Amino acid sequence: MKTQQERQPGKIATKFNQEKTREGKKLKIAVVAQDSQYPSTIQRFLAEADKSYPLISLIGGVQQVAAVAEQEQPDLLMLEGQYFSSMELETLNRVTSRFPDVGVVMLCPAQPPELLIEVMRAGVREVLPTPLTRHGVIDAVERFQQRIALSRMPMHECKVLAFIPCKGGSGATFLATNIAYALAAQENKRVALFDFNLQFGDASLFVQDGPPATSIADVARQIQRLDGSFLNSSMIQVLPNFGMLAAPESPEKAAEIRSEHINPLFQVAMKHYDFVILDVGRELDAISIQALDRADLIFPVLQQTLPSIRDARRMSAAFAALNYPDEKIRLIVNRYKKNADITLDDIESTLNLKIFKVVPNDYAVVTGSVNQGIPATKLAPRSPVAKSLQEIAHELCRGAGQGNLLRKLFAF
Ligand SMILES: Nc1ncnc2c1ncn2[C@@H]1O[C@H](COP(=O)(O)OP(=O)(O)OP(=O)(O)O)[C@@H](O)[C@H]1O
Ligand SMILES: [Mg+2]
């Protein structure tokens, strides 16, 4: 790559060449490492993948990071390091606070979680395990390129949609995750999903397998440095335009999330996404109420059973007490069966609310989707359940820019 410039410790001379792609400014990468094999490996991986980015390298460690950030203003700074002293962490923290737009990625062998948390607290956005793999490097670089594009998007209107089960197990998480996926995959919207089941959230398992690396608790802990790229890097990237902020992995961590974290979280998310989808637990508390307050529409999810309808009634009374207008509430009947004893008319007359949509019962497709962590619209796009989810996603977007249907849908 022509743009790479090898540097000696402490010497940083020429600026990056300003390269532009058709989509905008190119990501500028700086690699700071004791071992010169790192920049050359990264450069080779990028070249092999036919990606060219302005890249400079510097032989050194944390002490060089401040100068690189100041003089070169990279977008992505890859720092090799294994154990950092508290002084080095302090230095790193100063640099990342002063240059919050520089994404710092640490290159190191597998580390125990305590050490990772320490470096994350010092502002490191991601950790790439060494030995480096082509896939790991390319993915990280592409994520940062995308973050830059996101941060440069103009302000826009964002819709906040909350899904809440009237009774446990009604399917709120299934619908929230799958409609979020359909909004991103099929409608090309930028979508963020927050799992607000803070105690026992499981939304991440519906769209991917494996435990999430970060959660809402990590964002709350560093709320003062929250911006679009930090939020993006804290989310599971299900699709390039669909990120999910997972629930904390333990109730102790959930306790770290407080009411004052919620507004900043929404402010940043609403600036960067077209839809913010909330998966909210049925036990209402100060935090979930704050989240529901921010929602444009709330989708209580119920099934055609008496206990479900009884709980839906209680929930609708709670919404009335919170002064939510009826237009904000959009009932979804999930696992709908035509021949069930309880009809849709029964539900509407008992609750005195209109049903917004029904989603068919489809045990085989939904169980397969949930067990594999693959959204139903991807796993079985032609199934009736997938089609109904796609329809809902489409309806939530229809009229955007024209103001008619969407305005009607969101008007109250
Ligand atoms: N349309 C459907 N057809 C068949 N099964 C479904 C459907 N929707 C959801 N399910 C099943 O119901 C189970 C519970 O769904 P989900 O976890 O989404 O409910 P929830 O309302 O979020 O419950 P919780 O109270 O635990 O948060 C899922 O594991 C899935 O197998
Ligand atoms: Mg749930």
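The values are calculated or read from the model by the stated rules, or taken from the named source; none is laboratory data. Not measured: the values here are computed from a predicted model. A quick note on method: Cβ atoms are made from the backbone with ideal geometry, for glycine too, and the neighbour counts reach across all protein chains shown. Heads up: the accessible areas ignore ligands, DNA and RNA and are worked out on the full protein's heavy atoms, side chains in. Shrake-Rupley method; radii C 1.70, N 1.55, O 1.52, S 1.80 Å.
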Some residue of the range 307-316 being of a type in the set (Lys, Arg), open to solvent by less than 70 Å² (accessible area, probe 1.4 Å) and at pLDDT 95 or above: no
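Residue-by-condition table, conditions (1) over 23 Å from Pro240 (Cα atoms); (2) hydrophobic (A, V, I, L, M, F, W, C); (3) assigned by TED's automatic domain parsing to the domain that holds Ala67:
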{"position": "Val95", "(1), (2), (3)": "yes, yes, yes"}
{"position": "Phe99", "(1), (2), (3)": "yes, yes, yes"}
{"position": "Met106", "(1), (2), (3)": "no, yes, yes"}
{"position": "Ala110", "(1), (2), (3)": "yes, yes, yes"}
{"position": "Pro113", "(1), (2), (3)": "yes, no, yes"}
{"position": "Met120", "(1), (2), (3)": "no, yes, yes"}
{"position": "Pro131", "(1), (2), (3)": "yes, no, yes"}
Members of the range 347-377 that are polar (S, T, N, Q) and either free of Cβ contacts under 8 Å to residues at least 40 places away in the same chain or within 13 Å of ligand 1 (Cβ to nearest atom) (or both): Ser349, Asn352, Asn361, Thr367, Ser369, Asn371, Gln372, Thr377
Index of the failed condition, Phe99 passing every other in (1) surrounded by fewer than 23 Cβ atoms within 10 Å (Cβ to Cβ); (2) more than 16 Å from ligand 2 (Cβ to nearest atom); (3) farther than 23 Å from Gln267 by Cα: (3)
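Results for (1) open to solvent by 20 Å² or more (accessible area, probe 1.4 Å); (2) within 16 Å of ligand 2 (Cβ to nearest atom); (3) in contact (Cβ under 8 Å) with a residue 60 or more places away in the chain, shown as yes or no for each residue.
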{"site": "Pro113", "(1), (2), (3)": "yes, no, no"}
{"site": "Glu118", "(1), (2), (3)": "yes, no, no"}
{"site": "Asn178", "(1), (2), (3)": "no, yes, yes"}
{"site": "Val191", "(1), (2), (3)": "no, no, yes"}
Within the range 275-306, considering residues that are of a type in the set (A, V, I, L, M) and open to solvent by 40 Å² or more (accessible area, probe 1.4 Å), the one farthest from Lys357 (Cα to Cα): Ala286
Qualifying residue in the range 183-202 (condition: more than 16 Å from ligand 1 (Cβ to nearest atom) and aromatic (Phe, Trp, Tyr)): no
Selection within the range 70-123 - more than 15 Å from Ile29 (Cα to Cα) and among the polar types (S, T, N, Q): Gln82, Ser85, Ser86, Thr91, Asn93, Thr96, Ser97, Gln111
Count - residues of the range 338-370 that are closer than 16 Å to Gly169 by Cβ, surrounded by fewer than 16 Cβ atoms within 10 Å (Cβ to Cβ) and more than 16 Å from ligand 2 (Cβ to nearest atom): 1
Pairs, first over 18 Å from Leu331 (Cα atoms) in the range 282-297, second open to solvent by 60 Å² or more (accessible area, probe 1.4 Å) and outside any helix (DSSP H, G or I), C-beta under 8 Å, six or more apart: Ile287/Arg258
Residue within the range 204-213 that is within 12 Å of ligand 2 (Cβ to nearest atom), closer than 24 Å to Ala286 by Cβ and open to solvent by 40 Å² or more (accessible area, probe 1.4 Å) present: no
Filter result for the condition that a residue is away from ligand 1 (no atom under 16 Å from the Cβ), within 15 Å of the chain's Cα centre (by Cα) and touching a residue at least 60 places away in the same chain (Cβ under 8 Å), over Val160, Val207: Val160
Residue in the range 218-233 that is over 16 Å from His272 (Cβ atoms), among the basic types (Lys, Arg) and open to solvent by 20 Å² or more (accessible area, probe 1.4 Å) present: yes
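Quick check, is Ala172 outside the structural domain of Glu114 (by TED's automatic domain parsing) and closer than 26 Å to Val365 by Cβ?
Yes: the conditions hold for Ala172.
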